[in-house]
Amino acid sequence: MRNVIKLLKTGSAIIAISLITACSSDDDTPIVNPGNTTVEEIKIDEGKLSAFPLFGINPTAIDIVDPEITDNKEVKYGEIKITVPATITLDAIRAAITSSELNLSKFEISPSNDVQLSYVDGKVNVYTIMNALGKKEELLHYNVSIIREVVPEPETLKITGFKFEKSKNPSLPSDIEMSRIIEDTGLDKLYIFVPVGTDFTDLIPTITYDGTKLYYYQDSSQTPGAGTEYPVEGQSIDFKYPKSFILEVKDRDNDQFRTTTVIVDVKNPLKVETVSVTTPDVTEGASQTFEVTKWTNQGNHMLVYGKADAEENQDPAPPVRAIRIRRELPSVGMIPGNSANVNVTVKGDTYPATTYKTTAVFYPRIRYHEEIDDLLEPAKLDITAKIVK
């Protein structure tokens with residue numbers, strides 16, 4: 001029995017010595033990871049992402065700002081801003097990080113590639129880089145945001161506004177806005193009316209447009225698309241007949257354009273020199289024609305016959321037409337500043353002796369611009385004629 005006890009004591013001593021030796025070994029032997037690789041100090045700047053691919057999505061732009069690192073410690077999160085095509089939904093997006101973007105033998109990323117995240121309404125998701133060896137310590141972070149690209153609206157290449165501001169044109173009584181734009185194949189038409197007496201040779205327009213650049217030229221025979229760029233601050237333009245003013249709006253690629261011709265005139269271009277005339281008496285049974293006054297083109301473009309001149313306030317009432325009015329006009333039209341006769345025929349050979357009255361209404365028309373007849377003001381002439389026995 002003593003021998004047994006002695007053996008037991010001897011075995012206990014051996015076990016105790018082994019434990020002491022093992023404890024001593026903990027301080028000297030490196031920690032070995034499951035892969036039997038010695039753990040070294042992690043250099044966290046090696047964990048920076050070189051790219052941030054998305055699963056099944058080709059971004060149109062990506063901007064990566066690395067985290068800020070001081071003394072091997074992260075002091076500021078990194079930023080990743082990604083732009084994707086406008087057709088991509090911003091929900092259920094996942095990353096596709098491979099060893100090309102991150103050394104996966106040393107680091108891992110969370111959330112993992114199989115996690116779907118939403119970026120709707122500007123949501124930002126944080127991706128964390130951790131060491132893959134030993135304790136899973138968080139090393140670096142990236143705030144990730146994804147937006148859809150803004151698809152530029154198609155440019156209409158139109159003039160959207162045209163006016164003469166009093167601040168730029170002191171001779172005008174107030175700001176004057178355009179009256180109408182008429183769209184036409186190949187050439188739009190813009191109309192703006194200024195007061196009678198305006199100096200057409202020196203006007204500074206304020207122009208707005210839907211396009212990338214604005215050009216102009218003043219020779220209608222000039223090759224379209226070869227205008228001079230109109231300055232942002234504007235410039236004085238000579239609109240006086242026979243000069244033209246044509247605008248070109250070009251697109252962002254500088255290969256498409258749309259032209260607009262600008263018509264600057266007055267609303268009452270036809271002026272009658274007198275507003276009321278009385279013809280000499282006409283003997284009953286005779287018909288006589290008199291030159292009673294002149295009409296003048298006080299506008300800025302050539303005038304032609306348009307809507308038929310009319311009469312109103314006839315006394316006696318129609319169908320009596322003892323007074324016939326005719327406005328003369330050169331065959332090609334009346335250029336600005338020129339005048340022509342207004343003739344009145346008194347039909348004493350048709351109607352009995354009495355006094356006749358009427359008001360002639362003269363409707364102006366700008367040559368090639370009959371679509372704005374309704375914007376122009378007619379001129380009127382009161383006429384009195386007497387047929388005597």
Problem set entry | Note, ³J(HN,Hα) from phi for region 333-341, Karplus 6.51, -1.76, 1.60, rounded to Hz, x at Gly and Pro | x, 9, 7, x, x, 8, 10, 8, 7
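Would you mind estimating how fast region 270-388 diffuses translationally, via Stokes-Einstein at 37 °C and 0.692 mPa s with the Kirkwood radius over Cα pairs, in µm²/s? Working shown, then result.
Values: Rh = 14.9 Å.
Once the numbers are plugged in, D ends up at 221 µm²/s.
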Problem set entry | Extension gain (nm, one decimal) between I64 and T160, 0.36 nm per residue minus Cα-Cα | 30.5 nm
For this session: For region 44-148, state the average projected area of the convex hull of the C-alpha atoms over all orientations, rounded to one decimal in nm².
Result: 6.4
Exercise. Of K166/K189; K307/K389; K166/K307; K168/K307; K158/K307, which sit over 27 Å apart, Cα to Cα?
Worked result: K307/K389; K166/K307; K168/K307; K158/K307
Exercise. Taking 0.36 nm per residue of separation and subtracting the Cα-Cα distance, what length does fully extending K294 through K106 add?
Worked result: 57.7 nm
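In what sequence do H369, H141, H301 fall when counting other Cβ within 10 Å, fewest first?
Numbers: H369 20, H141 15, H301 23.
Lowest count first: H141, H369, H301.
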For this session: For D373 and T87, compute 0.36 nm times the residue count separating them, minus their Cα-Cα distance, and round to one decimal in nm.
Result: 98.1 nm
For this session: Compute the label zone of L329 within region 345-388: residues whose backbone N is under 17 Å from the point 7 Å along Cα-to-Cβ.
Result: 360-381
Exercise. If one computes P(r) from the Cα atoms of region 158-265, what percent of pairs lie at distances over 17 Å?
Worked result: 50
For this session: Return the percentage of antiparallel bridges among DSSP beta bridges fully within region 44-148, rounded to the nearest 5 %.
Result: 75
Problem set entry | Segments 265-272, 154-161 sorted - mean Cβ within 10 Å per residue, highest first | 265-272, 154-161
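Run through region 312-389 and list the GluC sites (Glu not before Pro) located in a DSSP loop whose Cβ has at most 13 other Cβ atoms within 10 Å. Kindly include the intermediate steps, with their values, before the conclusion.
On the way: sites: E312, E328, E370, E371; in loops: E328.
Sites meeting the loop and neighbour criteria: E328.
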Problem set entry | Cross-link reach list, lysines versus K43, counting only Cα pairs under 30 Å and skipping chain neighbours closer than eight places | K73, K76, K81, K106, K135, K136
Problem set entry | Debye intensity ratio I(q)/I(0), log10, the chain, q values 0.07, 0.08, 0.10 Å⁻¹ (C-alpha model) | -0.64, -0.72, -0.86
Exercise. If you line up the long axis of helix 2-26 against the longest principal axis of the chain, both from Cα atoms, how many degrees apart are they, to the nearest 10?
Worked result: 30
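Rule-based calculations on the coordinates, nothing more; no lab input. The shown structure was predicted, so the numbers you read here are calculated from the model rather than taken from an experiment. Don't worry about glycine lacking a Cβ; one is built from the backbone with ideal geometry, like all the others, and counts go over all protein chains shown.
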